[in-house]
Amino acid sequence: ANVYDNSMVTNLKNYLDAVPNGDYVLLISRGNVAFSSWDASIKTAVQSLGANLAVLNSLQDGHPYILLGQKGGTALQEVASNKLTGQNAEKIVLDYNFVRSTSSGEITSLPIGPAKNWGKLFGKMASDANDIITYQIIGIDNTGKEVPVFSQQAALPSELDLQNVLNATTFPTIRLKLIVQDTIDFTPAQLERWMVTYESLPTPEGLIDVDAVGQATYNVADRPEGEPLTLSFAYRNISNVAFASDSLWVRFVLTNNNQEVLRDSVKILAPGAKEVVKFDKTITTLNRVGANALTVYVNPRIVPELYYENNIFQVNFNVLPDNANPILEVSFDGRQIMDGEIVSPSPVINVRLKDENQYKVLQDTSAINIALKSCENCEYQAIQFSDPNVQWNTSPTQTDVEFHPKNLANGKYTLRVQGRDASNNLAGTQPYTINFEVINESTVTNVFPYPNPFSTKTQFVFTLTGSQIPDEMKIQIMTVTGKVVREITQDELGPIVIGNNRTKYFWDGRDEYGDVLANGLYLYRVIMKVNGQAIEQRKTSADKAFKNGFGKLYILR
């Protein structure tokens, strides 16, 4: 009872309902059976074998379960899980010595025909005086209806003319049925042979034609979980006879690690005489890691055909687990910061989780967990995705979250982020953590050239606090006598952010006219304002390199 979805539960119920009263059934769970999907109707069907309702209600998904019972009677033995956790590794055993004796039994043949004219029935049996033997001929008409047409209490005849028993026009197909009984010795009569001769009707014969699509088509390479697999098939009518129907059923059965996980049927056009029909089947590989086998059966004994053995084909393929870790990226105001950096009181924190598997995708916020704490000894506070300061969106290969806390108080904070993909692979063995500091007052450290001295070019490094970017900033390069030889404007310096800054602009040691300045010592001064007011200087241990707001830089070529 390898039950995975509602259709399979329905099939199990229909099967149990069809079992005749008095028959014995052995029901064994295998794999991760979803007992939570069992409603009252399926439980009632299992109870018809003698199952205990309390036991059925206690079963959780994946619990092992075995039932040996008699339809309409009681359970001979019922073994179920006695644990509520660890059920995937739990093992149960049913050990029952089944002792029964019966005085009768029967054998029924597969369909024989279709026949244009019936010939003879030949039989041979071994029996004794206490055996009671009955043989029957069951006619099958053109609609598939089965009707007993002949019955006789006697051993199979060595020869019987069937034309005296049935008409091939009315019953082009038959079955043979043998019923044996021995109430004295309980030793059944033995069937040694039965055979029917007949003149065959013109009957189509088809086969799955591997060459029509190429044998290499079925040498399926290992594929990652989630990547769909589309297989092509061809069914060829190799006879000169058309099928009795204009369409044929095709049955697909997929097993994963020897457990049936899919059963599906579709109709295809019946090929005409000497014609071929091609069709495709797409299989999803999600949740089907391991060895898989797709069995294809064209015309599963529905439309008359000469042989059915050529209509079955199997394709094996392997699905690899998704073991790759997703990539987690965290940025503040569009940049990745160093641990302990200063950021804006209202930073835009972007979290991006990227995964290489474009087929197995998380569609919700469960992929990312974000938490924030406001001091070293404080507890982390989870950031809820319902927070109006949080926005998120997802695509096949990545999830983006924008967290925009507003007006954080002065202090040191820690952000913790963890991400996982749809296969539960974590972005890291430990969550990503980053410390940052918020200073609401607008201040700036002294601006340093880097490197200093320099030969070809230098950048400018400084730290800015507060919530506003300067609306005016320039750097004046002067000789030791105070003459301005170069003025670097804010537009040249490039983007400025709250926190650590290293300008994208490189000064190349040239003056306003593009001429190369001579080697030696130069002075520089920084002018930085917000709303027309100079930004307060933030003192650091390196301030001794400045005197009255002027710094020194050296050109050495």
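FYI, it's all coordinate maths here, none of it is from the lab. These figures come from a predicted structure and were not determined experimentally. Cβ atoms come from the backbone with ideal geometry, glycine included; neighbour counts cover every protein chain shown.
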*DSSP loop (so not H, G, I, E, B), at most 16 other Cβ within 10 Å: list which chymotrypsin sites (Phe, Trp or Tyr not before Pro) in region 148-205 pass both filters.*
PHE186
*Once you put a point 7 Å from the Cα of PHE506 and another 7 Å from the Cα of GLN314, both along the Cβ direction, what distance in nm separates them?*
6.6 nm
*Stokes-Einstein D for region 384-516, Kirkwood Rh over Cα pairs, 25 °C, 0.890 mPa s (µm²/s)*: 130 µm²/s
*asked:* Spelling out what I want: for every residue of region 462-471, take phi, set θ = phi - 60°, compute 6.51 cos²θ - 1.76 cosθ + 1.60 (Karplus), and round to whole Hz; glycine and proline get x.
replied: 6, 10, 10, 10, x, 10, 10, 7, x, 8
*Whole number please: convex hull volume per residue, Cα atoms of region 1-78, in Å³.*
71 Å³
*For region 325-339, Karplus couplings with θ = phi - 60° (6.51, -1.76, 1.60), whole Hz, Gly/Pro x*: 6, x, 9, 10, 10, 10, 9, 10, 6, x, 9, 8, 9, 7, 4
*Once you charge only the Cβ atoms, +1 for Lys and Arg and -1 for Asp and Glu, what is the size of the charge dipole of region 21-174 about its Cα centre, to the nearest 20 debye?*
240 debye
*With label points built 7 Å along Cα→Cβ from the Cα atoms of ASP23 and PHE122, find their separation and express it in nm.*
3.4 nm
*Residue separation times 0.36 nm, minus the C-alpha to C-alpha distance between ASN240 and SER158: what's the value?*
25.9 nm
_Bins of 5 Å, beginning at zero and ending with the bin holding the largest distance: percent of Cα pairs per bin for region 350-450, please._
2, 11, 20, 19, 16, 11, 9, 7, 3, 2, 0
_Ranked by how many other beta carbons lie within 10 Å on average, peptides 265-273, 406-414 from highest_ = 265-273, 406-414
_Angle check, please: helix 6-18 long axis (alpha carbons) against the longest principal axis of the chain (alpha carbons), in degrees 0 to 90, nearest 10._
20 degrees
*Binning at 10 Å from 0, report for region 194-258 what percent of all alpha-carbon pair distances ends up in each bin.*
14, 33, 28, 17, 7, 1
_With N set to the number of residues, divide the alpha-carbon radius of gyration of the chain by 2.2 N^0.38 Å and report two decimals._
1.70
_Point-to-point label distance, VAL276-THR143, nm (Cα→Cβ direction, 7 Å offset)_ = 3.9 nm
*Please report how far the C-alpha centroid of region 100-135 lies from that of region 26-80, rounded to the nearest whole angstrom.*
37 Å
*asked:* Distance between the C-alpha centers of region 388-442 and region 443-469? Whole Å please.
replied: 28 Å
*Taking Rh as the Kirkwood radius, which is the inverse of the mean 1/r over Cα pairs, what is the Rg/Rh value for region 260-314?*
1.01
